[in-house]
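The structure appears below as structure tokens.
The values are calculated or read from the model by the stated rules, or taken from the named source; none is laboratory data. Quantities reported herein were computed from a predicted structural model and do not represent experimental measurements. FYI the Cβ positions are ideal-geometry reconstructions off the backbone, even for glycines, and counts take in every protein chain you see. For accessibility, only protein heavy atoms count, side chains too; no ligands or nucleic acids. Shrake-Rupley method; radii C 1.70, N 1.55, O 1.52, S 1.80 Å.
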Amino acid sequence: MPPAPPAPLLSDTGWPRSRAGATLTIDLDAIRANYRTLRGLAAGAECAAVVKADAYGLGATRVAPALERAGARTFFVAHVDEGIALRPHVASTTRIFVLHGPLAGAEADCVRHDLIPVLNSVEQIRGWRATARGLDRPLPAAVQLDTGMSRFGLSEQDIDRIEADPDGWRGIGPGLVMSHLACADDPSDPASARQRARLLALRARLPAAPVSLAASSGIFLGPGFHFDVVRPGAALYGVAPNDSAPNPMRPVVRLQARILQTRIVGPRDGVGYGLTYRPSAPRRIATVAAGYADGFMRHAARDGRAWLGTQALPIVGRISMDSMAVDITDAPDSLTTPGAMLDLLGPQHGVDDVARGAGTIGYEILTSLGHRYHRAYVADGTPSPERT
Ligand SMILES: *Cc1c(COP(=O)(O)O)cnc(C)c1O
């Protein structure tokens with residue numbers, strides 16, 4: 001393995017902490033630790049990292065270099081433009097795969113920016129083949145097979161069509177043959193074994209290449225699913241790979257929002273849009289600077305909590321676009337004055353907990369996190385120097 005490049009100089013991003021309503025802290029050390037955990041579980045396979053959707057909302061240009069320091073040499077994004085944006089931030093020898101492959105006409109951009117497309121259809125294979133012919137050299141690609149999820153990839157009939165074509169796989173240097181599991185988060189679901197068997201049958205008809213099937217949850221299905229390359233995303237960022245065991249991943253994000261104003265709300269008053277919360281006795285209510293535009297969906301109010309250290313404080317009423325109301329009656333007044341921070345995601349309450357309350361999954365909580373935060377990246381145990 002080549003020596004790790006020097007630690008990138010980290011600075012905070014987003015809004016200045018002093019003026020931002022909320023601070024999102026992203027622990028790059030935890031992401032690296034999660035990478036090492038997953039790589040250890042899939043020993044023998046290469047552990048790639050999925051950094052699509054801006055590394056699940058956490059900042060691909062920060063996360064990918066941090067993962068390179070932990071040894072990652074292969075990244076996956078969804079769109080060509082995500083790959084173009086990432087390319088200057090990783091080593092020239094690091095591979096970037098584009099899961100959607102190129103839209104027709106974008107092949108030259110893939111070549112120019114040194115991106116490897118995942119070819120999902122006969123049309124994409126033809127387009128890539130023509131690009132290779134134009135350059136008079138084979139071009140690396142991944143070929144995706146649909147083994148049962150019916151989302152991306154070649155069907156058996158598509159493979160028939162390519163075999164019937166005199167140009168076949170010519171010019172396609174398959175760097176990878178891959179597929180994706182639909183039900184890997186439920187280890188008891190027989191669909192995963194069926195998809196695995198289908199992958200083995202279909203790949204035999206393709207030129208020899210390393211094979212990849214498992215994303216985060218698939219890694220936990222055991223060595224039979226690891227093949228040559230594993231492709232975790234969510235688990236790197238602390239999301240639980242399945243519900244059937246305690247989450248082995250380290251939490252990565254903390255979201256702290258400030259109290260903007262406090263007031264006593266009496267039995268004749270209501271709180272928020274629709275006045276849906278009406279206390280039966282006087283309560284002390286804080287207006288907190290995060291709302292659904294910041295990724296705190298209105299559903300999160302149902303059974304939602306903010307935290308003052310280890311003390312849970314209920315979110316009450318409807319969540320607004322820019323704020324929410326929290327009942328701080330039981331918290332010490334001195335710790336809940338305007339400017340004080342409450343945890344919305346944090347040590348007591350992670351992305352999966354918030355997701356459960358909101359009727360969604362940790363993935364959606366992460367990728368919904370907004371852009372109106374002060375962002376602090378923690379690396380090598382220290383927060384980045386503060387921007388003011
Ligand atoms: C998103 C994605 C991944 C990563 O999935 P996680 O569940 O986040 O680990 C891997 N492979 C493909 C094809 C994907 O679309």
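Report yes if Met149 is at pLDDT 95 or above, assigned by TED's automatic domain parsing to the domain that holds Val230, within 16 Å of the ligand (Cβ to nearest atom) and surrounded by fewer than 19 Cβ atoms within 10 Å (Cβ to Cβ), otherwise no.
Spelling it out, Met149 is indeed at pLDDT 95 or above, assigned by TED's automatic domain parsing to the domain that holds Val230, within 16 Å of the ligand (Cβ to nearest atom) and surrounded by fewer than 19 Cβ atoms within 10 Å (Cβ to Cβ).
Any idea which of (1) without any contact (Cβ under 8 Å) to a residue 60 or more places away in the chain; (2) open to solvent by 30 Å² or more (accessible area, probe 1.4 Å); (3) farther than 25 Å from Leu199 by Cα is the one Glu123 doesn't satisfy?
All conditions are met except number (3).
Restrict the check to the range 254-265 and report whether at least one residue is in contact with a Lys or Arg (Cβ under 9 Å, 6 or more places away or on another chain) and either within 13 Å of the ligand (Cβ to nearest atom) or open to solvent by 70 Å² or more (accessible area, probe 1.4 Å) (or both).
yes
Which residues, counting only those in the range 138-157, are over 23 Å from the mean Cα position of the chain (by Cα) and free of Cβ contacts under 8 Å to residues at least 24 places away in the same chain?
Scanning the range 138-157 gives Ser155, Gln157.
Sort out which residues of the range 152-170 are of a type in the set (A, V, I, L, M) and either at pLDDT below 95 or surrounded by 15 or more Cβ atoms within 10 Å (Cβ to Cβ) (or both), and write them in order of number.
Within the range 152-170, Leu154, Ile159, Ile162 qualify.
Looking at the range 189-220 only, could you name the residues that are in contact with an Asp or Glu (Cβ under 8 Å, 6 or more places away or on another chain) and either outside the structural domain of Lys52 (by TED's automatic domain parsing) or crowded, with 18+ Cβ neighbours inside 10 Å (or both)?
Of everything in the range 189-220, those that are in contact with an Asp or Glu (Cβ under 8 Å, 6 or more places away or on another chain) and either outside the structural domain of Lys52 (by TED's automatic domain parsing) or crowded, with 18+ Cβ neighbours inside 10 Å (or both) turn out to be Leu202, Val211, Ser212, Ser217.
Being open to solvent by 60 Å² or more (accessible area, probe 1.4 Å) and in contact with a helix residue (DSSP H, G or I) (Cβ under 6 Å, 6 or more places away or on another chain) is the filter here, so list the residues in the range 171-188 that pass it.
Asp185
Looking at the range 154-182 only, could you name the residues that are within 12 Å of the ligand (Cβ to nearest atom) and outside any strand (DSSP E or B)?
Within the range 154-182, Ser179, His180, Leu181, Ala182 meet the criteria.
Out of (1) touching a residue at least 60 places away in the same chain (Cβ under 8 Å); (2) more than 14 Å from the ligand (Cβ to nearest atom), the odd one out for Tyr277 is which?
(1)
Starting from the range 34-52, keep only residues that are closer than 12 Å to Asp228 by Cβ, then list their pairs with residues that are among the hydroxyl-bearing types (Ser, Thr, Tyr) whose Cβ atoms are within a distance under 7 Å, requiring at least 6 positions of separation or different chains.
That search, which allows pairs on different chains as well, returns Glu46/Thr74; Cys47/Tyr35; Ala48/Thr74.
Counting only residues that are in contact with a Ser or Thr (Cβ under 9 Å, 6 or more places away or on another chain) and either modelled with pLDDT under 95 or outside any loop (DSSP other than H, G, I, E, B) (or both), which one in the range 70-86 is most open to solvent (accessible area, probe 1.4 Å)?
So the residue we want is Ala85.
Does Arg151 qualify as being at negative phi, of a type outside the set (A, V, I, L, M, F, W, C) and part of a loop (DSSP other than H, G, I, E, B)?
yes
Using the structure shown, decide if Ala290 is part of a helix (DSSP H, G or I) and either within 19 Å of the chain's Cα centre (by Cα) or more than 13 Å from the ligand (Cβ to nearest atom) (or both).
no
So if I check each of Leu366, Leu313, Leu335, Leu342, which one is of a type in the set (A, V, I, L, M), open to solvent by 40 Å² or more (accessible area, probe 1.4 Å) and at pLDDT 95 or above?
Residue meeting the stated conditions: Leu335.
Which one of these is more than 16 Å from the ligand (Cβ to nearest atom) and over 30 Å from Ile125 (Cα atoms): Arg69, Arg39, Arg87?
Arg69
Give the range 96-141 a look and list any residue that's outside any helix (DSSP H, G or I) and charged (D, E, K, R), or say none.
Hits for the range 96-141 are Asp114, Asp136, Arg137.
In the list Pro251, Pro232, which residue meets the criterion of being more than 15 Å from the ligand (Cβ to nearest atom) and either touching a residue at least 40 places away in the same chain (Cβ under 8 Å) or not assigned by TED's automatic domain parsing to the domain that holds Ile365 (or both)?
Exactly one of Pro251, Pro232 is more than 15 Å from the ligand (Cβ to nearest atom) and either touching a residue at least 40 places away in the same chain (Cβ under 8 Å) or not assigned by TED's automatic domain parsing to the domain that holds Ile365 (or both), namely Pro251.
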